[in-house]
Each structure stands twice: as C-alpha cells, then as structure tokens.
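Some notes on the structure that comes next.
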C-alpha cells in the first residue's frame, strides 16, 4: 500500500518538474504565468524546466597559507587606517567646536564693548598686549564672524 502511494505521488510531481511555463494575457490585459497551456488564448512558452540542476560556477581555487596571511594583514591594516581616520575626524570636529565656541564668545564681547566705559586689550603674537582702537575692534569683529561661518556649521 505504501509503495503504491509513493509511486502515485512521484508520478504526480513529475510533470511539474519537467513541464513548461506559459505566459498569456487575459481579456483585461493582465499577464498570467501557468504550467498548463492557456485556455483558448495564444500563449508563449517562457521557459522549460529540466531535471538537471543549474550549472554552478566552479569553486574558487584554494588559497595557500601565505595568501591567507597576506589577505589577513591587508584587512587588519585597512581596519587600522579606518579607525585612525575616524579618530582624526572626531578630533577635528572637537577642535572645530572649540574654535566655534571661542569665536562666538569673542563676538559677543566685541559687540557689547562700550569705548567710553571699557578698555579693550589684545595679546600680540610676541606675548605683549596692546590697546584696541575702533578699527582694531572692527577687524576683530569681522575675524570672529568669519571664524563662526567657518567653524560653526
């Protein structure tokens, strides 16, 4: 009894495994795909199924230990470079944020400056300080605005 059921199931599956796929349009213009010829409509065979498994690409050649070691070192070097680049970008972003904050503070001080009440002094590159006149304040204000535009993005 079991043999008969096994044979019947095998015969039922066999036509689907070796059949064809048909493509056809119905009266509404919809496309249908079936494993049986279309009813009263001209259909075309889209593909034929075969029982043979699809051809696969040949396996890649085996790598030697030296090739595996070289590939590992290249991956490790690339990972280290990526980590270093990421750290450098993070440091640049932090530096830019610090410069932005300082430029905003400078601009706030320069905008609130009252020449009758306040005395403005700036540090020179040689370490000495000098008094800041109106032209100097305007120049410092413009430099602070440019720094804000550049660093506060």
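The values are calculated or read from the model by the stated rules, or taken from the named source; none is laboratory data. Just so we're clear, the structure is a prediction, and the values are computed from it rather than from any experiment. All Cβ positions, even for glycine, are placed from backbone atoms using ideal geometry, and neighbour counts span all protein chains on display.
Structure summary
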| read-out | value |
| --- | --- |
| Tally of residues being outside the structural domain of residue 153 (by TED's automatic domain parsing), surrounded by 10 or more Cβ atoms within 10 Å (Cβ to Cβ) and more than 30 Å from the chain's Cα centre (by Cα) across the stretch 54-109 | 1 |
| Of residues in the stretch 32-77 being outside any loop (DSSP other than H, G, I, E, B) and modelled with pLDDT under 90, the one farthest from residue 20 (Cα to Cα) | 32 |
